[in-house]
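Participant: Quick one: this structure, given as structure tokens, is what I'll be asking you about.
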Amino acid sequence: MADVVVTGPVRERFDEVLTDDALQFLAALHRNFDARRRELLDLRHQRYQALADGGTLDFLSDTLEVREDDSWRVADPAPGLVDRRAEITGPTDAKMTINALNSGAKVWLADYEDANTPLWENMVQGQLNLRDAIERKLDFTSPQGKEYALADDLATIVVRPRGWHLPEKHVLVDDERMSGSLFDFGLYFFHCAQLQLDRGAGPYFYLPKMESHLEARLWNDVFVDAQDRLGIPQGSIRATVLIETFPAAFEMEEILYELRDHSAGLNAGRWDYMFSAIKNFRTRGKDFLLPDRNSVTMTVPFMRAYTELLVRTCHKRGAHAIGGMAAFIPSKDEEVNEQAFAKVRDDKTREAGDGFDGSWVAHPGMVGVCTEVFDAVLGDRPNQIDRLRDDVHVTAAELLDVASTPGEVTEGGLRSNIIVGIRYLESWLRGSGAVGINNLMEDAATAEISRSQVWQWLHNSVELSDGQTVSRDLVERLIEEETGKIEESVGSEAYADGRWDDARSLFTDMALADDFEDFLTLPAYEKMP
């Protein structure tokens, strides 16, 4: 097809999903919606500039009627999405697909976004794996000979496509790159929507990185068009929106309203929310400076306000409120495990007590803890949507109260950001987007926090707890020292065989640049084949 060009290699079985009909479906989505996508990205940049110039965020005056109208509700929960007390996230490689579906979690977030690297092979093979799993045809044998197969009782699949900002450079429509969002959504919907409906579920999605209700409106229009185009009943699609940007926190009700016939609720995307706080107010001095990442807990004032408002908003409209990620992964060290499980239990206990209907974990070993905690609160009930939280009243000032966050900026925190950023990027460039570092499952969101904190501390000349000022010379010296430690730990041969120099160069450029790049993954994507 002259108007649709696939520039990526067509590996074994790729032609099963990259069919002519599927590509024409993708082309139609591109032609109908990509111009609006680009316009909305331009609006983001206008907001960034306004905030840099001293502007602020507030609840919208022109949508007050939507917020004050108590009559509307989102659609009733769809089959497989009624009970969501434990959800697991991870990329769509065959092993993870099987392990996640077998994990005992109610929902698996099949991730094409932050826990994934958009390597062409990952994006297409992942589509094959999902279709094979739905058809119960997926199995996997590791290089060591260990066999993996699907169990009888599987988690509900919810697909997270890439955010609106990311392209898919391996598919050109009318000589333009496709939106990564539309590519991921479109291929899965084209091949699996009817398969899921035939099995009593449906095509379900998690929508990341949105910054306004207008971006939610675009998704809703995509859903309506896609369902009409394939003869899928309207309302079959259900989508949970991650509230993981500062601007979106001020438009939660409007986002639910735009998607109401297709809505499955909201999720507290905590790590990207921290990144967004830094990004949006990075030049605004001490009022928006965060301390070391690991000292910013969910109980600090601005994070507490955001999660409380999310639960209240969702339950007011009959929607699920899903809690944030527990990034801990089990270790061979029992003492480390004991501490990690205790932290996860405390985190999930707080969420369940606050009214969340479920929460996320990053590793199958943590599903049991999450389930147990929510079992204790929910009992036989599938959720607690009926708990309205009318006691919650959150102001714009409370959402913006970053300055009240306790904690220090330390050299250890600066080093930790450098280590996580470089280690994660090296793995990402090789094709793996979920990386275990120091018993935490790191993904693109935590890498974004790492490089954005370094940028913010540097460009605001922050003083560390030991009296040092964060300067270009200090950051470069610490990068040199930590890179040397990495080479020593992995060995010179493995270091040379990896993408360490590329990762170091990219992290350094992003952290020290005069201008702040919106997303780390955009220039990183251009360094991929």
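Participant: With just the Cα atoms defining each centre, how far is the range 62-79 from the range 298-335? Give it in Å.
Facilitator: If we compute the Cα centre of each part, the gap is 22 Å.
Participant: Given the options Gly269, Leu57, Tyr257, identify the residue whose Cα lies farthest towards the positive end of the charge dipole of the chain (+1 on Cβ of Lys, Arg; -1 on Cβ of Asp, Glu).
Facilitator: The listed residue farthest towards the positive side: Tyr257.
Participant: Using R₀ = 41 Å, calculate the FRET efficiency as 1/(1 + (r/R₀)^6) where r is the Cβ-Cβ separation of Trp72 and Asn294; round to 0.05.
Facilitator: Here the calculated transfer efficiency is 0.55.
Participant: What list do you get for Val420, Val336 if you sort them by fewest beta carbons within 10 Å? The partial results should precede the final answer.
Facilitator: Values: Val420 22, Val336 14.
Fewest-to-most Cβ neighbours within 10 Å comes out as Val336, Val420.
Participant: If you don't mind, there's one more thing I want to ask. Once you charge only the Cβ atoms, +1 for Lys and Arg and -1 for Asp and Glu, what is the size of the charge dipole of the chain about its Cα centre, to the nearest 20 debye? Provide the component values of the computation, followed by the final result.
Facilitator: Details: 56 positive and 93 negative charges, 127 e Å.
I would put it at about 600 debye.
Participant: Calculate how many DSSP beta bridges within the chain are antiparallel, expressed in % of all such bridges and rounded to the nearest 5. Mind dumping the intermediate values first?
Facilitator: Details: 15 of 42 bridges.
Around 35 percent of the beta bridges assigned by DSSP in the chain are antiparallel ones.
Participant: Rounded to the nearest 5, what % of DSSP beta bridges with both residues in the range 36-153 are antiparallel?
Facilitator: 40 percent
Participant: Figure the gain on full extension for Glu488 and Ala396 (residue separation times 0.36 nm, minus the Cα-Cα span) and round it to one decimal in nm.
Facilitator: 28.3 nm
Participant: At 222 nm, what value in deg cm²/dmol follows for the chain if DSSP H runs of at least 4 each add -39500 (n - 2.57) and the sum is divided by all its residues, to the nearest 500?
Facilitator: Values: 19 runs with 253 residues, N = 529.
Theoretical 222 nm ellipticity from helices: -15000 deg cm²/dmol.
Participant: For the range 322-429, rounded, prolate or oblate, judged on the Cα gyration tensor with a ≥ b ≥ c (square roots of eigenvalues), a/c < 1.5 rounded, else prolate if a/b > b/c? The partial results should precede the final answer.
Facilitator: Values: a/c = 2.25, a/b = 1.25, b/c = 1.79.
It is oblate, given that a/c is not under 1.5 and a/b is not larger than b/c.
Participant: Moving to a separate point now. Specify whether the C-alpha gyration tensor of the chain places it in the rounded, prolate or oblate class, a ≥ b ≥ c being the square roots of the eigenvalues: rounded for a/c under 1.5, otherwise prolate if a/b is larger than b/c and oblate if not.
Facilitator: On the way: a/c = 1.28, a/b = 1.12, b/c = 1.14.
Because its axes are fairly even, with a/c under 1.5, the chain counts as rounded.
Participant: Which residues does the label zone of Arg472 cover in the range 482-519, counting backbone N under 18 Å from a point 7 Å along Cα→Cβ?
Facilitator: Label zone hits: 505-517.
Participant: Where both partners of a DSSP beta bridge lie in the range 85-194, what percent of those bridges are antiparallel, to the nearest 5?
Facilitator: Values: 7 of 17 bridges.
Of all bridge pairs located within the range 85-194, approximately 40 percent are antiparallel.
Participant: For Tyr273, Tyr148, what's the fewest-to-most ordering of other Cβ within 10 Å of each Cβ?
Facilitator: Working: Tyr273 23, Tyr148 16.
Ordered from fewest to most neighbouring Cβ atoms within 10 Å, Tyr273, Tyr148 come out as Tyr148, Tyr273.
Participant: Here's something else I'd like to know. Give me the number: length gained by fully extending Lys146 to Ala513, i.e. 0.36 nm times residue separation minus the C-alpha to C-alpha distance, one decimal in nm.
Facilitator: Working: separation 367, 0.36 × 367 = 132.12 nm, distance 4.58 nm.
127.5 nm is the gain from fully extending Lys146 to Ala513.
Participant: If R₀ is 56 angstrom, what is the calculated FRET efficiency for the pair Leu195 and Ser404, using the beta carbon separation as r and rounding to 0.05?
Facilitator: 0.70
Participant: Kindly provide the trypsin sites (Lys or Arg not before Pro) of the range 4-111 that DSSP labels as loop, not H, G, I, E or B, and whose Cβ sees at most 16 other Cβ atoms within 10 Å. Provide the component values of the computation, followed by the final result.
Facilitator: Values: sites: Arg11, Arg13, Arg31, Arg36, Arg37, Arg38, Arg44, Arg47, Arg67, Arg73, Arg84, Arg85, Lys95, Lys106; in loops: Arg11, Arg13, Arg73, Arg84, Arg85, Lys106.
Answer in residue order: Arg11, Arg13, Arg73.
Participant: Return Ile322, Ile157 ranked ascending by Cβ neighbour count within 10 Å, so the fewest neighbours appear first.
Facilitator: Taking fewest neighbouring Cβ atoms as first place, the list is Ile157, Ile322.
Laboratory data are not the source of any read-out in this text; all were calculated from the coordinates shown. Treat the numbers as computed from the prediction; the structure is a model and nothing was measured. Quick reminder, even Gly has a Cβ in these numbers, built from the backbone with ideal geometry, and neighbours come from all protein chains shown.
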